[in-house]
Amino acid sequence: QAGKAFRKFLPLFDRVLVERCAAETVSKGGIMLPEKSQGKVLQATVVAVGSGSKGKSGEIQPVSVKVGEKILLPEYGGTKVVLEDKEYYLFRDGDILGKYVD
């Protein structure tokens, strides 16, 4: 489903396109949380990556994350991109705080 949208859009250089995970709408105790009480979602899944950035000597340094990995984003930043009525965010590879390992 989402793969069709990415044939038309490919991040350049060290950019990473991510899809934020859904916000928690129910507390651990089962109470419904209003939208204002929901925290900003900092976890996302990588859906597309660029080829990498050029180093000082001209060689290409690949992006540090791969498609499908779960990552931790900064609270602010990123560029919102809408593809096929879904929201995605574009971040630089250096802005990504970390990735989750299984």
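The values are calculated or read from the model by the stated rules, or taken from the named source; none is laboratory data. Please read all numbers here as calculations on a predicted model, not as lab measurements. No Cβ is skipped: glycine too gets one built from the backbone with ideal geometry, and neighbour counts run over all protein chains shown. For the accessible areas, the whole protein counts, side chains as well, though only heavy atoms, and no ligand, DNA or RNA atoms are used. Shrake-Rupley method; radii C 1.70, N 1.55, O 1.52, S 1.80 Å.
Restricting attention to segment 67-96, report how many residues are on the phi < 0 side of the Ramachandran plot, within 11 Å of the chain's Cα centre (by Cα) and part of a loop (DSSP other than H, G, I, E, B).
5
I want to confirm something. Restricting to segment 73-93 and keeping residues that are open to solvent by less than 70 Å² (accessible area, probe 1.4 Å) and more than 19 Å from residue 10 (Cβ to Cβ), which single residue is modelled with the lowest pLDDT?
Per the stated criteria, the residue is 77.
I need a count of the residues in segment 71-92 that are of a type outside the set (A, V, I, L, M, F, W, C) and in contact with a Ser or Thr (Cβ under 6 Å, 6 or more places away or on another chain).
Narrowing segment 71-92 to residues of a type outside the set (A, V, I, L, M, F, W, C): 74-80, 84-89, 92.
Filter once more, keeping what is in contact with a Ser or Thr (Cβ under 6 Å, 6 or more places away or on another chain): none.
Adding up the residues that qualify gives 0.
How many of the residues making up segment 63-77 are within 15 Å of residue 50 (Cα to Cα) and out of contact with any Lys or Arg (no Cβ under 7 Å at 6 or more places or on another chain)? Working first, answer last.
Pass one, segment 63-77, residues within 15 Å of residue 50 (Cα to Cα): 63-69.
Okay, now just the ones that are also out of contact with any Lys or Arg (no Cβ under 7 Å at 6 or more places or on another chain), so 63-64, 66-68.
The qualifying residues number 5.
Please go through segment 1-59 and give me each residue that is assigned to a strand (DSSP E or B), open to solvent by 50 Å² or more (accessible area, probe 1.4 Å) and modelled with pLDDT of 85 or more, ordered by number.
15, 19, 43
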